[in-house]
Amino acid sequence: QVQLVESGGGLVQAGGSLRLSCTASGRFFSSYTMGWFRQAPGKEREFVAAIRSSGSTTYYADSVKGRFTISRDNAKNRVYLQMNSLKPEDTAVYYCAADYGLATPTRDLEYYYWGQGTQVTVSS
């Protein structure tokens, strides 16, 4: 069983930065692919970024490429999402997800474990 807890959300002006963290419980964090997804009001949940267990392979949505960076610290059971040059359209609840053996880390349906989410609001 894995429990995920996100933190680091908040209110920021457009052009600003935030760093989200996701802390995982359990013994096998280093085996999991970790993903970040977001859901804005009235919209479907969408993929943001993912990172394979070793940290050597990352994936990004086109909308955040060049602005967001995903990273992980397996010794601390944490995954991070550094968000720079934030835009009002980045406003959403951001969710951390985990699973292993994923064929397509960009698909939310492939992840079994989810956090409760953290709100990110970007003002114009």
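List of remarks:
- Residue match in the stretch 52-72 (condition: more than 24 Å from LEU109 (Cβ to Cβ), within 14 Å of the chain's Cα centre (by Cα) and part of a strand (DSSP E or B)): yes
- Selected residue (only one of SER124, SER30 is closer than 18 Å to ALA14 by Cβ and open to solvent by 40 Å² or more (accessible area, probe 1.4 Å)): SER124
- Set LEU86, LEU109, LEU102: member being over 18 Å from ASP62 (Cβ atoms) and not in a helix (DSSP H, G or I): LEU102
- A count restricted to the stretch 29-51 and to residues that are acidic (Asp, Glu) and within 11 Å of the chain's Cα centre (by Cα) stands at 1.
A quick yes/no check of all residues on (1) touching a Ser or Thr at 6+ places or on another chain (Cβ under 6 Å); (2) within 20 Å of GLN1 (Cα to Cα):
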position	(1), (2)
ARG19	no, no
LYS43	no, no
ARG52	yes, yes
SER63	no, no
THR69	no, no
ARG72	no, yes
SER85	no, no
GLY115	no, yes
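- Residue match in the stretch 1-8 (condition: surrounded by 16 or more Cβ atoms within 10 Å (Cβ to Cβ), at pLDDT below 95, part of a loop (DSSP other than H, G, I, E, B) and not charged (D, E, K, R)): yes
- Subset of the stretch 66-85 [at positive phi and touching a residue at least 24 places away in the same chain (Cβ under 8 Å)]: ASN77, SER85
- A search for C-beta distances below 6 Å between a residue of the stretch 22-51 that is on the phi > 0 side of the Ramachandran plot and any residue that is hydrophobic (A, V, I, L, M, F, W, C) and surrounded by 14 or more Cβ atoms within 10 Å (Cβ to Cβ), counting only pairs 6+ apart in sequence or on different chains, returns GLY26/VAL2.
- Considered as a group, the residues in the stretch 45-57 that are open to solvent by 60 Å² or more (accessible area, probe 1.4 Å) and among the hydroxyl-bearing types (Ser, Thr, Tyr) include one that is nearest to TYR32 (Cα to Cα), and that residue is SER54.
- First in the stretch 101-124 and more than 17 Å from GLU44 (Cβ to Cβ), second anywhere and assigned to a loop (DSSP other than H, G, I, E, B) and of a type in the set (A, V, I, L, M), Cβ under 6 Å, 6 or more apart: TYR113/VAL2; VAL122/ALA14; VAL122/LEU86; SER124/ALA14
- Exactly one residue among GLY42, GLY26, GLY16 is out of contact with any Cys (no Cβ under 6 Å at 6 or more places or on another chain), within 14 Å of TYR113 (Cα to Cα) and in a loop (DSSP other than H, G, I, E, B), and that residue is GLY26.
The values are calculated or read from the model by the stated rules, or taken from the named source; none is laboratory data. Everything numeric here is computed off the predicted structure, so don't read it as measured data. Note that each Cβ is placed from the backbone with ideal geometry, even for glycine, and that neighbours are counted across all protein chains shown. Side chains are part of the model used for accessible areas, which takes the heavy atoms of the whole protein and leaves out ligands, DNA and RNA. Shrake-Rupley method; radii C 1.70, N 1.55, O 1.52, S 1.80 Å.
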